[in-house]
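Notes follow once the structure below has been shown.
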Amino acid sequence: MDKENREDNNVEPDMENAPVDEQVEEQSSEDEIAELNDKLLRLGAEFDNFRKRSKREKEELRKHATENLMVEMLEVCDNFERALHSAKSADDSKSIVEGVEMVLKQFISILEKEGVKKIECKGEEFDPYLHEAMMHIETDEYPDNTIIDVHKPGYMLHSKVIRPVMVTVAKKPEDDSNKSEK
């Protein structure tokens, strides 16, 4: 009897002796868990494939965009070579200047088509997001913080500054009376 009492106290549920409803419920729960695990693994694999495909497509798009730009830039290069060749044999400097100006216009046109815009700023108020001050000059001719000279032009690509304008900024002269007080 001791053996029977020990077995009764340590009774583990035996699926064979459990009611049919409990067996069906437990089996359906296990099936559901297995199905959800399978779905989770598939979703993970699909997401990983999507990420890899997106990365490949993005790289292809970048390469294609660069290719189109390079084809246009090769035209500019060809025109510079023609201008250089003409300059070597031409006696008229005016025609050389006109040829180089035409190539420059072509180049600027390509930049504008790609979304590059020159930042115009002479006479405007200094903006640290668009301009880089190379020097300040004390003057009464211009209002304080006004751009009076451009050293190097700046450019924007769409709405982002890709190179700030390097400028000289006007500064109000200090009063002699303020200097003596200090």
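Tabulated results
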{"item": "Radius 12 Å from Cβ of Ile162, net charge of other residues (Lys, Arg +1; Asp, Glu -1)", "result": "+3"}
{"item": "Among Ala170, Ala90, Ala34: highest mean-square fluctuation, GNM of the chain, C-alpha pairs under 10 Å", "result": "Ala34"}
{"item": "Accessible area per residue in Å² at 1.4 Å probe, computed on the chain", "result": "85 Å²"}
{"item": "Estimated vicinal HN-Hα couplings, Hz - the stretch 125-135 in sequence order (Karplus 6.51, -1.76, 1.60; Gly, Pro = x)", "result": "6, 4, 10, x, 7, 10, 10, 10, 6, 8, 7"}
{"item": "Kyte-Doolittle at least -1.0, axis length at least 18 Å by Cα - qualifying DSSP helices, the chain", "result": "93-113"}
{"item": "Amide hydrogen neighbours beyond the local backbone of Lys171, cut-off 5 Å, H modeled", "result": "Ile137, Glu138, Thr139, Asn145"}
{"item": "Answer label, with Cα extents along the principal axes in Å calculated from the coordinates and candidates (1) 40, 33, 31; (2) 45, 36, 32; (3) 121, 68, 24", "result": "(3)"}
{"item": "Relative contact order of the stretch 58-179, defined on C-alpha pairs under 8 angstrom at six or more residues apart (%)", "result": "21 percent"}
{"item": "Prolate/oblate/rounded call for the stretch 56-134, Cα gyration tensor, a/c under 1.5 rounded", "result": "oblate"}
{"item": "Sulfur and carbon atoms: percent of accessible area, the chain [1.4 Å]", "result": "53 percent"}
{"item": "Given charges at Cβ of Lys, Arg, Asp, Glu: the chain dipole, positive-most of Thr146, His136, Val103", "result": "Val103"}
{"item": "Within the stretch 86-170: Cβ-based charge dipole about Cα centre, in debye rounded to nearest 20 (Lys, Arg +1; Asp, Glu -1)", "result": "640 debye"}
{"item": "Extension gain from Arg62 to Glu26, taking 0.36 nm per residue of separation minus the Cα-Cα distance", "result": "7.6 nm"}
{"item": "Förster-model FRET efficiency, 35 Å R0, Asp140 and Glu75, C-beta, rounded to 0.05", "result": "0.10"}
{"item": "Whole-number D in µm²/s for the stretch 113-166 (Stokes-Einstein; Kirkwood sum over Cα pairs; 10 °C, 1.306 mPa s)", "result": "135 µm²/s"}
{"item": "Share, in percent, of DSSP beta bridges within the chain that are antiparallel, nearest 5", "result": "65 percent"}
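The values are calculated or read from the model by the stated rules, or taken from the named source; none is laboratory data. Every value quoted in this text rests on a predicted model; they were computed, and no experiment measured them. With ideal geometry, Cβ positions are generated from the backbone for all residues, glycine too; neighbour counts draw on all protein chains shown. Heavy atoms of the whole protein, side chains included, go into the accessibility calculation; ligands, DNA and RNA do not. Shrake-Rupley method; radii C 1.70, N 1.55, O 1.52, S 1.80 Å.
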